[in-house]
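Novice: Here it is: the structure, laid out below.
The values are calculated or read from the model by the stated rules, or taken from the named source; none is laboratory data. Bear in mind the structure is a predicted one, so any value in this text is a computation, not a measurement. Here Cβ is always computed from backbone atoms with ideal geometry, including for glycine, and neighbour counts include all displayed protein chains. Please note that ligands, DNA and RNA were not included when accessible areas were found on the heavy atoms of the full protein model with its side chains. Shrake-Rupley method; radii C 1.70, N 1.55, O 1.52, S 1.80 Å.
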Amino acid sequence: FAESTANTSFSLPLDRSKQYQWRVRGMNDSLQSRWSIIRVLTFDNEPPSKVALASPANKGTGTKPITFQWNSVASAKRYEFVLLKSDSTTTFSSSFPTIVGNTSFLFSGGELNDVLYWRVRAADEAGNWGAYSDLRSVTIQ
């Protein structure tokens, strides 16, 4: 690909994850400069894999504090943990969703017999978010 522009910037859509190389040079009606050094741009638009939840088991029970755990995703740098009320659509509080850097979340809120729903998704270093895990429920005992 070669393109001339009178500007000092140029936009080009990148449509797939891969490594691109680029360089520039200046020119006018009679002269051309040397090419710049070759620069490398790595474009990543591939999301991480779907998170697999570990515990507590779906429709299980837990005593406070409850530790929610999930399996790590190879490319993940952080996770979004979502805790929902018994209607499975309303967040438990304004603290959710929350971002964590590990594969667990310790929750000490809620009341006896509350049914909570939870799910997790992963983000990679480029900021791509993967799909949410399956939705699970747990009852506080």
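Novice: What number goes with the only condition from (1) open to solvent by 100 Å² or more (accessible area, probe 1.4 Å); (2) modelled with pLDDT of 90 or more; (3) within 26 Å of Ala126 (Cβ to Cβ) that Trp35 does not pass?
Specialist: The number of the failed condition is (3).
Novice: Still on this model: How many residues are in a loop (DSSP other than H, G, I, E, B), of a type in the set (A, V, I, L, M) and surrounded by 15 or more Cβ atoms within 10 Å (Cβ to Cβ) if we restrict to segment 110-134?
Specialist: Applying the first criterion (in a loop (DSSP other than H, G, I, E, B)) to segment 110-134 yields 110-114, 125-128, 130-134.
Going one step further and asking which of them are of a type in the set (A, V, I, L, M), we end up with 112, 126, 131.
Remaining after also requiring surrounded by 15 or more Cβ atoms within 10 Å (Cβ to Cβ): 126.
Count: 1.
Novice: What tally of residues in segment 38-75 results from selecting those that are touching a Pro at 6+ places or on another chain (Cβ under 7 Å) and open to solvent by 20 Å² or more (accessible area, probe 1.4 Å)?
Specialist: Selection size over segment 38-75: 1.
Novice: Follow-up question, since we're still on this one. Got a number for residues in segment 57-76 being in a loop (DSSP other than H, G, I, E, B) and either within 25 Å of Val138 (Cα to Cα) or among the charged types (D, E, K, R) (or both)? Break it down into steps so the answer makes sense when it comes.
Specialist: First, pick out the residues of segment 57-76 that are in a loop (DSSP other than H, G, I, E, B): 57-59, 63-65, 71-75.
Right, trim to either within 25 Å of Val138 (Cα to Cα) or among the charged types (D, E, K, R) (or both) and you get 57-59, 63-65, 71-73.
Count: 9.
Novice: Hey, another quick one. When residues of segment 1-56 are filtered for being in contact (Cβ under 8 Å) with a residue 24 or more places away in the chain, of a type outside the set (D, E, K, R) and in a loop (DSSP other than H, G, I, E, B), how many remain?
Specialist: 9
Novice: Considering only residues that are closer than 13 Å to Arg119 by Cβ and hydrophobic (A, V, I, L, M, F, W, C), which ones fall in segment 55-70?
Specialist: Phe68, Trp70
Novice: OK, next. Any residue at all in segment 82-92 that is open to solvent by 60 Å² or more (accessible area, probe 1.4 Å) and acidic (Asp, Glu)?
Specialist: From segment 82-92, those open to solvent by 60 Å² or more (accessible area, probe 1.4 Å) are 85-87, 89; that's our starting set.
Right, trim to acidic (Asp, Glu) and you get 87.
Taking every residue of segment 82-92 in turn, at least one turns out to be open to solvent by 60 Å² or more (accessible area, probe 1.4 Å) and acidic (Asp, Glu).
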